[in-house]
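Engineer: Can you read through this structure? Questions will come right after.
The values are calculated or read from the model by the stated rules, or taken from the named source; none is laboratory data. What you see is a predicted model, and the numbers here were worked out from it, not measured in a lab. Every residue, glycine among them, receives a Cβ derived from its backbone with ideal geometry; neighbour counts consider all protein chains shown. Surface accessibility is based on the protein's heavy atoms, side chains included, excluding ligands, DNA and RNA. Shrake-Rupley method; radii C 1.70, N 1.55, O 1.52, S 1.80 Å.
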Amino acid sequence: MIDTVVPAGEPWMGIVRRGEAFRIVDLEGNQAVDTLFYNAADTHEHYSAQNTIQAQGRIYLTTGSVLLSNRGRPMLRIHDDTCGRHDTLGGACSSESNTVRYALEKRHMHSCRDSFLLALAKHEHGMTKRDLPSNINFFMNVPVTPEGGLRFADGISAAGRHVELLALMDTLVLISNCPQLNNPCNAYNPTPIRVITREPA
Ligand SMILES: [Zn+2]
C-alpha cells in the first residue's frame, strides 16, 4: 500500500492495483497536481482527455467521472471528491510554455513537463517524451466561459480536500506536483500533497 507525501514541485510515480482506491490529498490547498495514468501492463494504453470528455459529455472531472484510455477502456472512476471540479484542458506547464506565456527569463524555471521526463528517466518502464499525452490537473481551476474562453484562475480547492479514484485496471500513475510560480494555479506557492492507496470503502 502507498502512503507518501510528495514534496512541492516534485514528481512521483507508482502503481495502483485494480480494485484499490487511490487518494490525492491537497495538504495545504490550491495545489495543481498534473497527473497521467497508464495501463501498468502495457504503457501504450494511457489516459485520454478527449475520449473522457466525449464520453461523459462535460469538460470538468468530478465524482462519477470515468477516465477512459486512448483505447476507449475505463481506467479509473472518481468516487469521492471534496474539491468538486478538476481540469483536463489546461495541459502541463513546460519551459516552452513558460517562455511563451511569461518571459524568456522564465525558461530555466522548473516545469511539469520536465518533472514528468525526470520521473520517466528514473523509472524502469522504458517510456520517453512520446509517452506524454494530455494530462489531468487535479485541484486546478481552469474555468471555461460561456463564450468558450479558457482561463487559469485562483484555486477552488482548500487545505485537506481530496479526490479519490477507484482503479478499474492495474494503473501506473505519473504525477508532477506542479512547481509553477507564474500563474495562480498553485496560488503562487507550490505545496506538498499526500498520495494514499487503500481498500475502497
Ligand atoms: Zn505545472
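Engineer: In the chain, if the dipole is taken from +1 on Lys/Arg beta carbons and -1 on Asp/Glu beta carbons about the Cα centre, which of SER115, ASN177, SER65 is farthest to the positive end?
Structural biologist: SER65
Engineer: Projecting each Cα onto the charge dipole of the chain (Lys/Arg +1, Asp/Glu -1 at the beta carbon, about the Cα centre), which of CYS93, GLY148, ILE196 comes out farthest on the positive side?
Structural biologist: GLY148
Engineer: DSSP loop (so not H, G, I, E, B), at most 10 other Cβ within 10 Å: list which chymotrypsin sites (Phe, Trp or Tyr not before Pro) in the stretch 16-112 pass both filters.
Structural biologist: Details: sites: PHE22, PHE37, TYR38, TYR47, TYR60, TYR102; in loops: TYR60, TYR102.
Those that pass, being in a loop and sparsely packed, number zero.
Engineer: Roll a 1.4 Å probe over the protein heavy atoms and report the accessible area of ASP131 in Å², nearest 10.
Structural biologist: Number for this one is 30 Å².
Engineer: Which shape class, rounded, prolate or oblate, goes with the stretch 89-201 when its Cα gyration tensor gives a ≥ b ≥ c as root eigenvalues, a/c under 1.5 marks rounded, and past that a/b bigger than b/c marks prolate?
Structural biologist: Oblate.
Engineer: Still on this model: When a/c reaches 1.5 or more, the comparison of a/b and b/c decides; with that in mind, is the chain rounded, prolate or oblate per its Cα gyration tensor?
Structural biologist: Taking the square roots of the gyration eigenvalues as a ≥ b ≥ c, the chain is rounded.
Engineer: Hey, if we sort HIS86, HIS123, HIS110 by accessible area with the 1.4 Å probe, largest down, what's the order?
Structural biologist: HIS110, HIS123, HIS86
Engineer: Relative contact order (percent) for the chain, with alpha-carbon contacts under 8 angstrom and 6 or more residues of separation?
Structural biologist: On the way: 530 pairs, mean separation 89.9, N = 201.
About 45 percent, as a whole number.
Engineer: Tell me, which longest segment in the chain has none of the GluC sites (Glu not before Pro) that fall in DSSP loops with at most 15 further Cβ atoms within 10 Å?
Structural biologist: Result, exposed sites excluded: 1-123.
Engineer: If you don't mind, there's one more thing I want to ask. Treat every Asp and Glu Cβ in the stretch 81-141 as -1 and every Lys and Arg Cβ as +1, leave all other atoms uncharged, and give the resulting dipole magnitude about the Cα centre to the nearest 20 debye.
Structural biologist: Approximately 160 debye in magnitude.
Engineer: DSSP loop (so not H, G, I, E, B), at most 12 other Cβ within 10 Å: list which chymotrypsin sites (Phe, Trp or Tyr not before Pro) in the stretch 129-186 pass both filters.
Structural biologist: Values: sites: PHE138, PHE139, PHE152; in loops: PHE139, PHE152.
Filter output for the stretch 129-186: empty list.
Engineer: Then there is this: Can you tell me how the stretch 125-167 classifies by the Cα gyration tensor, rounded, prolate or oblate, using a/c under 1.5 as the rounded cut?
Structural biologist: Details: a/c = 2.66, a/b = 1.34, b/c = 1.99.
In terms of gyration-tensor shape, oblate.
Engineer: So what is the calculated 222 nm ellipticity per residue for the chain, using -39500 (n - 2.57) for each DSSP H run with n of 4 or more, over all residues, to the nearest 500 deg cm²/dmol?
Structural biologist: My calculation for the chain gives -3500 deg cm²/dmol from helical runs alone.
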